[in-house]
Amino acid sequence: MKDEIYKVAWRHEVPVVVVSNQYLRIPAHPLITRQVVSDSFDAADDWIAEAADKAAIVITADILLADRCLKAGARVLAPTGKPFTTSSIGGAIATRAIMADLRAGGDQLGGPRPFAAADRSRFLQALDAAVVAVRRGQ
């Protein structure tokens, strides 16, 4: 999803910070920066959650990170374009816990469905709408 994020950022002229615990290649562009954190457990999540605020849009599939960022006032999108909201995050956390319990019990649940073109389109639309809303202060 990074390429899609970069395209939206360039179109709207908004900065992007790519956070990881190892060096990642990013485009040479003044709007795109990288933040390399330590490889300690949750170091990237901690950096993102601490930097999150009302002006931030966080892209993550990590439900617990999404919860932390929502509490900081950020908008949060899954890579499929599905927004995490304060009203939906509780159910997502509960579902995550149930699925973890089922997996721990040995149930074979399979993984998420494959990423589809519709997911990419939905993500681009959701990210574009989030950028516009943040710029308008909504």
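Each value in this text was obtained by applying a stated rule to the coordinates, not by laboratory testing. In this text the structure is predicted, and so the values were computed from the model without any measurement. Counting neighbours? That spans all protein chains shown, and the Cβs are built from the backbone with ideal geometry, glycine included.
Annotations for the structure displayed:
- Relative contact order, whole percent, for the range 1-44 stands at 35, derived from Cα pairs under 8 Å and 6 or more residues apart.
- Protection-proxy order for peptides 7-15, 52-60, each taking the mean of Cβ atoms within 10 Å per residue, highest first: 52-60, 7-15
- Restricting attention to the chain, close to 20% of DSSP beta bridges with both partner residues there are antiparallel.
- Length-normalised contact order for the chain - Cα pairs under 8 Å, 6+ apart - percent: 20 percent
- Protection proxy ranking, peptides 67-73, 132-138, average beta carbon neighbours within 10 Å, highest first: 67-73, 132-138
- For Val16, residues with placed amide H under 5 Å, excluding near neighbours: Ile32, Thr33
- Ser121-Ala28 FRET efficiency (beta carbon distance; Förster radius 35 Å; 0.05 resolution): 0.80
- Listed candidates (1) 1.01; (2) 1.10; (3) 1.21 - label of the one calculated as Cα Rg over 2.2 N^0.38 Å: (2)
- The protection proxy used here, the mean number of other Cβ atoms lying within 10 Å of each residue, ranks peptides 27-35, 122-130, 75-83 as follows, highest first: 75-83, 122-130, 27-35.
- Stretch gain in nm, segment Ser38-Ser20, where the contour uses 0.36 nm per residue and the Cα spacing is subtracted: 5.6 nm
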